[in-house]
Amino acid sequence: MAKTTERRKQTAETMAGRQREISVSEFFAKNRHLLGFDNPRKALLTTVKEAVDNALDACEEAGILPDITVELEELAPPLSASKSGRYRVTITDNGPGIVRRQVENIFGKLLYGSKFHRLKMSRGQQGIGISAAGMYGLMTTGKPMVITTRPNKKKPAHHIELAMDTSKNQPEVTVDIETDDFPETTTGTGTRVAIELEARYQRGKASVDTYLEQTAIANPHASITFIPPRRAGSPAEDPASEMLAAIEDAAEGPPDLSEHTIVDGRILMPRTIDELPPETQEIKPHPYGVELGNFLRMLKSTDEKQLTGFFKNEFCRVTPPIVKRITDAASTKGSTFSGQTWLKSLSASDSERLYRAMQEVKLLNPPTDCLSPIGVRQMLAGLMKGVRGEFYAASTRPAAVYRGNPFQIEAAIAFGGDLPGDQPARVLRFANRVPLLYQQSACSAFKSVTETAWKNYGLSQPRGGAPVGPLVIAIHMASVWVPFTSESKEAIADYDEIRKEMKLALQECGRKLGIYLRRRQRMRRDAEKRDVFERYIGEIAKACHAITGTDAAELYESLMRQAQRRTEIADAVLDEDGKIVGYQNERNGLEKDEGVVILDRSATPSASTAAAAPQPAADGADEPVETPVVTERPKKKILKKVKKKVRKKAGAAKGDDSLFGA
Amino acid sequence: MAKKTTKKTAARTPGKKFSKKAPSSRNVKTGDAAKATPRVRSKSAADRDVRTSEAIGTLAESVVKSALSGREPKVEVPTRSANNTKWNKSRGILQMGSAVQERQLFNMGQARKFMQTLLHGQGIRRLIEQDKTLSLRGMFYSGLHTIQGTKEKTFDDQTESDAILEDLEVTLGSLREELHIFAKKRGTMVGNITVIDSGDEIDCRRMGTGGYAIPSICEPDVIQFEKVEADFVLHVEKDTVWQRFNEDKFWKTHNCILTEGSGQPPRGVRRLLHRLNKEHGLPIICLLDCDPWGHYIYSVIKQGSISLAFESERLAIPDAKFLGIRSKDYEACELSDDVQIELNDRDIARAKQIMAYPWFDGHRGWKNEIEKMLRNGFKMEVESLITKDISYVTETYVPERLAAEDWLV
């Protein structure tokens, strides 16, 4: 007892002496994993990701087709495979640039930005990312972030070196000069950010490469150049680095999705659509998404004097008749409200009653012009560029709402082709066009994949897992506010509304895949059947000729006609429900669906894959390369015919200019 | 000489089985009736050849006709299965039912067989034209070639070819010999009989240790009997037992004919026994193993087989007798434990299956016999009697049973 009392020497006063404000920067410096800097490899990715996201956002807002270059330099190689080395990350964009006075705030201060306070679809949300990356670099290398920005093409660029005082969340400018050392961009303006940091570059799963490839899939309007690090010293002179390379190669994950043009050590991911996504509108909060505290704050801060004005101007979807419904519902015998009620006359309980009434009243969903989905065609174009399948389907759900925030789900799948058939499907997750590479199993998108019954569509699926087969699934969530599970923006929070929409989108893709697979199966079966019949018809004709003297050729022809008629499904075209709607080589059923592309890669010898890979043209137009159909047995006219038909369809899709930009 | 009495069979005898729609110019009924008798006496070989040839022609014509008019070519093949085998109780033979199976060209499971049927049809036509005969194996080779443009052969093995030939027999309503095909010969005979085989006189009393090899075709135009002096025929299951009897000159001491069929007797042996029974009234007495296979050999000799039900009338011997080995013999002959061969699951299943056949079901004696064997839990071979004495079977067992007329019918 005595001991215990002795220990309790602290008084409120002494404790108060140690109680002080914690700066956000300090908090995150200690909790860097929250921002995605858990390990050197991830730190590199997060840094690239934050810078690229910012660059794309800036370009789009300024109406500029983004041209982004990502360069990694290895300043000191990692000493072992698990250790970190020192790298410099340089990201250059052709965006509008940043005016001088904002540079410190944007890059040197956590939680500073244009995106947090508004409801508008953008990649960045909180205003943490790039400053956190700079802070991480500063902490691990002591080197400040170097920002070169040119907001005015007629004036020289600013060269600013920026450190950060974490205890105050304040930027410290160490160098501030004007410079002409700025790369030529298409717009003349732009920003370059260079961060030096302890990191590790390794290709494979969840690497910078993967991130950029997936970014290219989700942003067909962006042109991305990636300059991977050159190893310091040639392998011959440096056995250590050679060894290291071998280790790293062995540790490499699944092969990269795509084969891009590689020129002089630069990986080019060209623009495939010369059109910016439609500009998104900023929206006012929807009443359903506002919490009581927020509502009270809004009541205090509004410039409006009366309820009608307040509701109309601070929220979306609240029209005067709705205001009347809200006020009527909130009115009681003691106190009545109307649109003319003065705001300052409201008591706390009045406000709460109004808030409840606002939640009860039936409202239209928030407007959806604030969303910019990637679009079915663009998703397909992106997937076809990155994934070598034979069947592609995409679907866009109508906009929906969670907690008052509008969102929209898109899904696309690629099937077959060169994809590995014995592994679980790859799931590509995107939120506002940003690839999500970590925490897959915590993500609503992945859960929706595992919860979809893929068996219905002809795929095998282990219980509670992703389907197994040559399948790549892409899910995109576009929203004014994507609910991430953490600040590092790695997984989408699991809202029922979101998961439901994702499942519906996947089901739509799955249905199309199911139809395709069933049809393919039936066609194969019938083609096989015809093959068998044809084989015997010759013998039968000869035997009958020998016995009866009937003209063998005539007999053969008529039996062949019959064989073809009886196996016509091999040439059949099916509609959405799998019913036969015709036998001509017309664009029909699945092929009519703009969300479906079927390529014939079945006859491509895998050795020639690289050669036959889609080679994007310089003007950014990408076309699915039609691979030559090689039939082993020239006798099999039928199989050829089936292939020809499928090819024709692929050709039709190819000829569609809007799919790949002008 | 027991001559066949009735030609009107209740069940369907093999006839023209392909497309019913095809106009039938051929008088099938006449063919059927003719076939039921030892037709050779009434029709010359040339007549039969013409008829067979025509039947093949009609078959091919119907295929051509369907093909040219855009209909699916098919051949109707009478079903040779237990389901389509009818037990004619009053006559004591198995007969083929009327069920036919359509063999279609445009059916994945049948296309190949369809092709093979026509191929063999063509082959048989050629045989008839050239007036030659071929063995089953020979037919397999005659139809064998690689299908043009593929690596597939027309016949994978002889079994496939044999089945098609049996199909053709029933489809064309022609017997194997009418198709100019013979099987590998099997089975041996000695005894008090002289046969004329294609004009050669063969005295079966002077066959040494080897015996007369029974040919696969034992039709009256090939084989005629002379000097049939024996009182009965003793048919044993296999060659080893037959050797025992021949060495002991059992046929001499008991004035009989001694035959063996190397297990399930082939058509030639059955036809021979049938003719000896019908034409010369010789009782056929069988000495077979005491196991389901022995029982079934007896059944085939007596009432015909399922797969050749269409030939029962000229093969079955309804009054054939089963002398042994009987399941009671273990006790009756005081055999040692060593001769017991335990019934395995397959034996038991087969025994039960045999017991359920209508021609066994309802036969008290046979039910008891099989049930006793199942109760014993073991089977016995004829050779088991050797444990008593080398010649026990010829000197004691068979003579005693014959004297006592102790057999199953």
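The values are calculated or read from the model by the stated rules, or taken from the named source; none is laboratory data. In this text the structure is predicted, and so the values were computed from the model without any measurement. Ideal geometry is used to build each Cβ from the backbone, glycine not excepted, and the neighbour counts take in all protein chains shown. Accessible surface areas use protein heavy atoms only, side chains included; no ligands, DNA or RNA. Shrake-Rupley method; radii C 1.70, N 1.55, O 1.52, S 1.80 Å.
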With all protein chains in place and a 1.4 Å probe, A:Phe37 shows an accessible area in Å² (nearest 10) of 10
Computed about the Cα centre, the charge dipole of chain B from +1 Lys/Arg and -1 Asp/Glu charges at the Cβ has a magnitude in debye, to the nearest 20, of 2240
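So how do B:Trp87, B:Trp251, A:Trp342 rank on accessible area, 1.4 Å probe, biggest first, that is with the largest at the start?
Details: B:Trp87 65, B:Trp251 10, A:Trp342 130 Å².
Per-residue accessible area, sorted high to low, gives A:Trp342, B:Trp87, B:Trp251.
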With all protein chains in place and a 1.4 Å probe, B:Val409 shows an accessible area in Å² (nearest 10) of 60
Expressed in angstrom and rounded, the centroid-to-centroid distance over alpha carbons for the stretch B:241-290 and the stretch A:381-401 is 81
Partner aspartates and glutamates whose C-alpha sits under 14 Å from that of A:Lys503, ignoring same-chain residues fewer than 8 away, are A:Glu410, A:Glu451, A:Asp494
When every protein chain stays in place and a 1.4 Å probe is rolled, A:Leu65, A:Leu517, B:Leu59 sorted by accessible area with the largest first are A:Leu65, A:Leu517, B:Leu59
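Summing -39500 (n - 2.57) over the DSSP H runs of n ≥ 4 in chain B and dividing by its residue number, what mean residue ellipticity at 222 nm do you reach, to the nearest 500 deg cm²/dmol? Mind showing how you got there, number by number?
Details: 14 runs with 154 residues, N = 409.
One gets -11500 deg cm²/dmol as the mean residue ellipticity at 222 nm.
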A correct Karplus calculation of ³J(HN,Hα) over the stretch A:46-51, with 6.51 cos²θ - 1.76 cosθ + 1.60, θ = phi - 60°, whole Hz and x for Gly and Pro, returns 4, 4, 4, 4, 5, 5
Given backbone amide H placed at 1.01 Å from N, residues whose amide H is under 5 Å from that of A:Leu75, ignoring those fewer than 5 places away on the same chain, are A:Arg86, A:Tyr87, A:Arg88
Zone reached by a paramagnetic label modelled 7 Å from A:Glu557 Cα along Cα→Cβ, restricted to the stretch B:61-100 with backbone N below 20 Å, covers B:63-73
Within the stretch A:132-191, DSSP-loop GluC sites (Glu not before Pro) with at most 12 other C-beta atoms within 10 Å are A:Glu184
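Counting each pair of different Cα atoms once, what's the Kirkwood radius of the stretch A:368-467 in Å, rounded to one decimal? Present the calculation step by step, with values, prior to reporting the outcome.
Details: mean 1/r = 0.0674 Å⁻¹.
For the stretch A:368-467, the Kirkwood estimate is 14.8 Å.
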From highest to lowest solvent-accessible area (probe 1.4 Å; ligands, DNA and RNA excluded), A:Asp53, A:Asp494, B:Asp389, A:Asp165 read B:Asp389, A:Asp494, A:Asp165, A:Asp53
For the pair A and B, the solvent-accessible area buried on both sides (1.4 Å probe; DNA, RNA and ligands excluded), in Å² to the nearest hundred, is 2500
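Could you pull out the trypsin sites (Lys or Arg not before Pro) across the stretch B:207-271 that fall in loop regions by DSSP (anything but H, G, I, E, B) with no more than 14 other Cβ atoms inside 10 Å? Walk me through the numbers on the way to the answer.
Values: sites: B:Lys227, B:Lys238, B:Arg244, B:Lys249, B:Lys252, B:Arg267, B:Arg270, B:Arg271; in loops: B:Lys227, B:Lys238, B:Lys249.
Loop-located and lightly packed - B:Lys227, B:Lys249.
Sequence gap at least 6, Cα distance under 8 Å: using those rules, report the relative contact order of chain B to the nearest whole percent.
Details: 699 pairs, mean separation 61.6, N = 409.
Relative contact order, chain B: 15 percent.
Rounded to the nearest 0.05, what FRET efficiency is calculated for B:Ala332 and B:Arg137 with R0 set to 56 Å and r the Cβ-Cβ distance?
Details: r = 44 Å, r/R0 = 0.79.
My answer for the efficiency is 0.80.
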For the stretch B:188-404, whose charge dipole is built from +1 on Lys and Arg Cβ atoms and -1 on Asp and Glu Cβ atoms, the candidate among B:Ile354, B:Val393, B:Asn344 with its Cα farthest towards the positive end is B:Ile354
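What value does chain B have for Rg/Rh, both radii from Cα atoms and Rh as Kirkwood defines it? Walk me through the numbers on the way to the answer.
On the way: Rg = 22.7 Å, Rh = 22.7 Å.
Taking Rh as the inverse mean 1/r over Cα pairs, Rg/Rh reads 1.00.
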About its Cα centre, the stretch B:28-182 carries a charge dipole, from +1 on Lys and Arg Cβ atoms and -1 on Asp and Glu Cβ atoms, whose size in debye to the nearest 20 is 420
Between the modelled labels at B:Asp200 and A:Asp181 (7 Å from Cα along Cα→Cβ) the distance in nm is 11.3
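So what is the relative contact order for the stretch A:289-339, in percent, with contacts set as C-alpha pairs under 8 Å and at least six apart? Each step should come with its number before you reach the end.
On the way: 34 pairs, mean separation 13.8, N = 51.
Averaging sequence separation for qualifying contacts and normalising by length gives 27 percent for the stretch A:289-339.
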If one builds a Gaussian network model of chain B from Cα atoms under 10 Å apart, the most fluctuating residue listed among B:Gly143, B:Gly109, B:Gly294 is B:Gly109
Counting only protein heavy atoms and rolling a 1.4 Å probe, one gets per residue an accessible area for the stretch B:28-182 in Å² of 41
Label model pair B:Asp221, B:Thr150: point-to-point distance (7 angstrom along the Cα→beta-carbon line) in nm is 3.8
Under a 1.4 Å probe, counting only protein heavy atoms, B:Thr133 has an accessible area in Å², nearest 10, of 80
Here, A:Asn105 and A:Thr14, labelled 7 Å along Cα→Cβ, have an inter-label distance in nm of 4.4
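Within 10 Å of each candidate Cβ there may be at most 16 other Cβ atoms; applying that plus a DSSP loop requirement, which trypsin sites (Lys or Arg not before Pro) in the stretch A:189-223 survive?
Details: sites: A:Arg192, A:Arg200, A:Arg203, A:Lys205; in loops: A:Arg200, A:Arg203, A:Lys205.
Passing both the DSSP loop test and the Cβ count: A:Arg203, A:Lys205.
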Amide H proximity to B:Arg205 below 5 Å, modelled H, separation 5+ or other chain, gives B:Gly191, B:Ile193
For the stretch A:361-367, in residue order, the Karplus 3J(HN,Hα) values (coefficients 6.51, -1.76, 1.60; θ = phi - 60°; whole Hz; Gly and Pro = x) are 5, 7, 10, 5, 5, x, x
With every protein chain kept in place and a 1.4 Å probe, the stretch B:188-404 has an accessible area per residue in Å² of 37
